[in-house]
Amino acid sequence: MSIKIFDAHTDILFDCYNSYLNNDNKRFKNYHYKQLNNNVFGGIWTLYSSYDFNLIEALKISKKLINTKDFEVILGIEGLRNLKDVKDLNEIYNLGFRHMMLTWNEENDYATGIKGPKNRGLTKKGFEVLDFMIENDMIIDLSHLNEKSFYDVLNYTNKNIICSHSNIKEIFNHPRNLSLDQLKKLKEADGLLGLTLVGSFLSDEDENKTLEEFFKHLKYAINIMGINNVCFGFDFMDYFNYEKTANLEEVKSALDLNYFIERLKKEGYSLKEINKLTYQNIYNRFKRHILKGD
């Protein structure tokens, strides 16, 4: 049985858009294609908003810069700080985007991220965004929300819920990780938890940013969520040119995923279980949202 990988979270769109702004419109072909073609057949590819820009323009440009013929891609948005009007969601949907997070880490017009006030959750406009997403069968991603916003969403809907790239707060108390109560609420909504290889979500100490530590989170997540509700949102950041990896020394990029699979086998996971985790759980649930290549 061959192992397929459908990555629940990558910032490829953002990287290609930024490269375009720096006069490089071949970033996908020259960098990403070579990595993904070895291991990954698809995923949720997002444009994230860490600064202000014209969202519609950026979505149009970034979509043109990627290859959707050789990969199975769900187009996504990580954070709505640059969404000027809820009415713009119609144009975004028509561009083929089927996934959104309400925030990155910031407080914005729609919801509150982990760096915003603890007692602030979704706004009236945020619930209007949810209504649009529910009506149009879009994937609602809870990543980056503070706890109040997280519960505001899940107390409003349980449709198409994912938390695409977080780990377990009970093991390591990072603000982007989920508490036991959050995991139970996510499970109650039949949502998906995407575990991530972001090193800072595992430890403050470099020597503990390891697969051994990651597998503690995986075991815990499966115990609470059940294996059918867990997937991987690797969030590789090799293409952001950090001085040292923001992920793990053992798995720095998509090129190292064969090693990751071998380690899963050594941990005792069967091929059937690995296939569920790496692609079946998320792919079978959301394959209707894959963009058809032009």
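The values are calculated or read from the model by the stated rules, or taken from the named source; none is laboratory data. Every value quoted in this text rests on a predicted model; they were computed, and no experiment measured them. Quick reminder, even Gly has a Cβ in these numbers, built from the backbone with ideal geometry, and neighbours come from all protein chains shown.
Among residues belonging to region 219-243 that are part of a loop (DSSP other than H, G, I, E, B) and at pLDDT 95 or above, point out the one that is nearest to the chain's Cα centre (by Cα). Among residues in region 219-243 that are part of a loop (DSSP other than H, G, I, E, B) and at pLDDT 95 or above, the one nearest to the chain's Cα centre (by Cα) is Gly233. Select from region 170-210 the residues that are of a type in the set (Ser, Thr, Tyr) and touching a strand residue (DSSP E or B) at 6+ places or on another chain (Cβ under 9 Å) and write down the one among them that is farthest from Ile44 (Cα to Cα). Among those that are of a type in the set (Ser, Thr, Tyr) and touching a strand residue (DSSP E or B) at 6+ places or on another chain (Cβ under 9 Å), it is Ser179. For region 126-146, the count of residues that are surrounded by 19 or more Cβ atoms within 10 Å (Cβ to Cβ), among the charged types (D, E, K, R) and either out of contact with any Ser or Thr (no Cβ under 9 Å at 6 or more places or on another chain) or not in a strand (DSSP E or B) (or both) is zero. The single condition among (1) surrounded by 15 or more Cβ atoms within 10 Å (Cβ to Cβ); (2) over 21 Å from Cys231 (Cα atoms); (3) among the small types (Gly, Ala, Ser); (4) within 18 Å of the chain's Cα centre (by Cα) that Ser50 does not meet is (1). Restricting Ser203, Ser149 to those that are among the polar types (S, T, N, Q), in contact with a helix residue (DSSP H, G or I) (Cβ under 7 Å, 6 or more places away or on another chain) and either outside any strand (DSSP E or B) or surrounded by fewer than 24 Cβ atoms within 10 Å (Cβ to Cβ) (or both) reduces the list to Ser203.
The residues in region 244-272 that are outside any loop (DSSP other than H, G, I, E, B) and at positive phi can be counted, and the count is 0. Taking first residues from region 215-230 that are of a type in the set (Val, Ile, Thr) and partners that are at pLDDT 95 or above and not in a helix (DSSP H, G or I), the Cβ contacts under 6 Å between residues at least 6 apart in sequence or on separate chains come to Ile222/Val230; Val230/Leu193.
Given the criterion β-branched (Val, Ile, Thr) and more than 28 Å from Phe260 (Cα to Cα), identify the matching residue among Ile168, Ile134. Checking each option against the conditions leaves just Ile134.
Restricting attention to region 250-268 and to residues that are touching a Lys or Arg at 6+ places or on another chain (Cβ under 9 Å) and without any contact (Cβ under 8 Å) to a residue 60 or more places away in the chain, the residue that is surrounded by the fewest Cβ atoms within 10 Å (Cβ to Cβ) turns out to be Glu267.
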